[in-house]
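See below for the structure under consideration.
The values are calculated or read from the model by the stated rules, or taken from the named source; none is laboratory data. Computed from a predicted model, the values in this text were never measured in an experiment. Cβ: placed from backbone, ideal geometry, glycine included. Neighbour counts: every protein chain shown. Side chains included, ligands, DNA and RNA excluded: accessible areas come from the protein's heavy atoms. Shrake-Rupley method; radii C 1.70, N 1.55, O 1.52, S 1.80 Å.
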Amino acid sequence: MFQMFDSKHDRLIDFGEFVRSLSIFHPKAPLEDKASFAFQLYNIRQTCYIRFEEANNYLILSEDNIDAIVLKTFEEADSKDHRKIDLEEWRAFVDRYPAVLKNMTLPYLV
């Protein structure tokens with residue numbers, strides 16, 4: 001996440017970078033921007049795909065529950081059936097299930 005906030009790639013997050021990065025969490029931020037940001041959060045290895053192993057890194061649940069959630073997500077999102085989710089597939093998935101990005105909004109910013 002630090003790398004995403006550090007848009008100047010200088011290993012520092014200045015106030016401007018911080019504010020720009022947090023703006024993605026505003027309730028009126030475009031869904032498209034939220035989807036792209038969330039995709040990058042899960043795309044840990046910067047491969048332009050979300051892989052099964054990457055998708056379960058942020059969930060604090062039992063191993064079985066995590067696997068079930070990730071498996072269901074891949075069944076729904078991996079429309080190309082190539083065992084990974086690209087940005088195009090992710091955006092289509094988010095369009096169908098916008099609640100997936102619920103954690104990308106801070107309602108206190110209204």
Checklist (1) at pLDDT below 85; (2) within 29 Å of L71 (Cβ to Cβ); (3) among the charged types (D, E, K, R) applied to K34, failing item: (1)
Can you confirm whether I50 is outside any helix (DSSP H, G or I) and in contact (Cβ under 8 Å) with a residue 40 or more places away in the chain? yes
Being closer than 22 Å to T105 by Cβ and either modelled with pLDDT of 80 or more or within 14 Å of the chain's Cα centre (by Cα) (or both) is the filter here; which residues of the range 43-66 pass it? N43, I50, A55, N57, Y58, L59
Determine if the range 44-56 includes at least one residue that is over 18 Å from L87 (Cβ atoms), surrounded by 10 or more Cβ atoms within 10 Å (Cβ to Cβ) and not charged (D, E, K, R). yes
Is it the case that some residue within the range 1-19 is under 17 Å from V100 (Cα atoms), surrounded by 10 or more Cβ atoms within 10 Å (Cβ to Cβ) and free of Cβ contacts under 8 Å to residues at least 40 places away in the same chain? no
Which members of the range 79-110 meet the condition of being under 15 Å from R51 (Cβ atoms), part of a loop (DSSP other than H, G, I, E, B) and open to solvent by less than 90 Å² (accessible area, probe 1.4 Å)? H82
Across the range 6-31, what is the number of residues that are in contact with a Phe, Trp or Tyr (Cβ under 7 Å, 6 or more places away or on another chain) and of a type outside the set (G, A, S)? 4
So Q40 ticks every box in (1) at pLDDT below 90; (2) in contact with a strand residue (DSSP E or B) (Cβ under 8 Å, 6 or more places away or on another chain); (3) not aliphatic (A, V, I, L, M) but one. Which box is left unticked? (2)
